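A.B. asks: This is the structure I have questions about; it appears just below.
None of the figures in this text is laboratory data; all of them are computed from the coordinates on show. Quick caveat: nothing in here was measured; it's all calculated off a predicted structure. Don't worry about glycine lacking a Cβ; one is built from the backbone with ideal geometry, like all the others, and counts go over all protein chains shown.
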Amino acid sequence: MTEQTITLRGRDHFGRRVPPQALAPILELIPEVIRKAVRMRFEGRSRGKGPRPDWLKAATDVRFLGHDGDNETVLHFEAPELGHAASGLYASVNLRPTDPDPSDTGFDLMADMLRDVSDQKTDSELFDQPMLDSIARFGSFLCGPFRELTVAAHGRSADQSVAVTPAVVESAHHLHTNTPLPRQVRIVGRLDMVRASTRTFAVVLDDAQEVRGVLTDGEFDAVSRLMEQRVMVLGRAVFRPSGRLLRVDSESVSATTESGSFFSAVPTPVRKTFDLRDAVRDQSHKLGVAAVIGMWPGDETDEQVAEALRSLG
């Protein structure tokens, strides 16, 4: 177990004498975000169906040790190193160059993800929309006595600590709004990699590009038996805010004799970038909802709509 800290700063300078109700929301949110960050790195998705796998439970077994501080409130946690908690994953021959270092913890992966959100990296593979929804929940916490939360990553240099502020929450809203909606796809290619522990796989297309996916339903053993065969993947393409494919949430992977190249292509999104605030602002020059008919994707949460309206002040 590795000890790591989160530092809270606000107008009241509570230090170690912080009201319990002020800490409760963040103590609930941090484990959720860590769990999603770890799952994102190994599975390419932050949320899955069914019971959590044992390796995920072990890798995200975060413990709160207490808090101290003078003007700032410093929260102390203990978290397991991933190489120890999820040793089975690191024993796999299918490790990717982007897999976390074995000495990393969930706090380190959370910090990496938050840094990408803060920098608005639209092509990042460290977050998806459910993850961005969780980051948006920091907004309610930062509207209280605290205005900033800093995550110190133990496996990184001191200047790589990342601060979560209302501006970072706004970045999460913007990235979520501008992420294209998933769509149903059919993909054909050669099954090149399978990883039963995370239910993930990779298909090499006819043009040598690779598409990564995760089997959301069914038995994974049947997929493993198709290794090196030509397969057809049916499922939903999930995109990054940049519009590039993030993964395919697959309903089925089956052998195929399909030989055409039409389905052996990387899926692309349907819609282009949409800025909710621009659409709302444009109503001042038009008549009500007529300003956004045909523009509004309809996948924004009530909180995002309210935030866009507040930003117009």
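A.B. asks: Select from region 10-65 those trypsin sites (Lys or Arg not before Pro) which occupy a DSSP coil region and have at most 13 other Cβ atoms within 10 Å, ordered by residue number.
C.D. replies: Values: sites: Arg11, Arg16, Arg17, Arg35, Lys36, Arg39, Arg41, Arg45, Arg47, Lys49, Lys57, Arg63; in loops: Arg11, Arg16, Arg17, Arg45, Arg47, Lys49.
Sparse-neighbourhood loop trypsin sites (Lys or Arg not before Pro): Arg11, Arg16, Arg17, Lys49.
A.B. asks: List every residue whose amide H lies under 5 Å from the amide H of Leu246, counting only residues 5 or more places away in sequence or on a different chain, with H placed 1.01 Å from N in the peptide plane.
C.D. replies: Answer set, sorted by chain and number: Val238, Phe239, Arg240.
A.B. asks: Once you list every other residue whose beta carbon is under 10 Å from the beta carbon of Val168, what net charge do they have if Lys and Arg are +1 and Asp and Glu are -1? Before the final figure, lay out the partial values.
C.D. replies: Values: positive: Arg115; negative: Asp119, Glu148, Glu170.
That sum, taken over residues with Cβ under 10 Å, equals -2.
A.B. asks: Further, regarding this structure: For region 118-155, which chymotrypsin sites (Phe, Trp or Tyr not before Pro) are both in a DSSP coil and crowded by at most 13 other Cβ atoms within 10 Å? Could you put the intermediate results ahead of the total?
C.D. replies: Details: sites: Phe127, Phe138, Phe141, Phe146; in loops: Phe127.
Sparse-neighbourhood loop chymotrypsin sites (Phe, Trp or Tyr not before Pro): none present.
A.B. asks: On to the next question. Based on the alpha-carbon gyration tensor of region 180-263 and its eigenvalue square roots a ≥ b ≥ c, which shape applies: rounded if a/c is under 1.5, prolate if not and a/b is larger than b/c, or oblate?
C.D. replies: Working: a/c = 1.67, a/b = 1.18, b/c = 1.42.
Cα axes put region 180-263 in the oblate bin.
A.B. asks: Quick check: from the Cα gyration tensor, does region 64-165 come out rounded (a/c under 1.5), prolate or oblate?
C.D. replies: Numbers: a/c = 2.19, a/b = 1.39, b/c = 1.57.
Because a/c hits 1.5 or more and a/b fails to exceed b/c, region 64-165 counts as oblate.
A.B. asks: Please report, in debye to the nearest 20, how large the charge dipole of region 85-168 is about its Cα centre when each Lys and Arg carries +1 at its beta carbon and each Asp and Glu carries -1 there.
C.D. replies: Result for region 85-168 is approximately 240 debye, rounded to the nearest 20.
A.B. asks: Among Ser224, Gly260, Val270, whose Cα lies farthest out toward the positive end of the dipole of region 223-273, if unit charges sit on the beta carbon of Lys, Arg (+1) and Asp, Glu (-1)?
C.D. replies: Val270
A.B. asks: Continuing with this model, one more query. With Cβ to Cβ distances under 15 Å as the rule, what net charge do the other residues near Gly189 carry (K, R +1; D, E -1)?
C.D. replies: Working: positive: Arg186, Arg190, Arg212, Arg230, Arg247; negative: Asp192, Asp206, Asp207, Glu210, Glu228, Glu258.
Residues close to Gly189 contribute a combined charge of -1.
A.B. asks: Got the relative contact order for region 141-272 handy, in percent, Cα pairs under 8 Å and 6 or more residues apart? Could you put the intermediate results ahead of the total?
C.D. replies: Working: 249 pairs, mean separation 32.6, N = 132.
Value for region 141-272: 25 percent.
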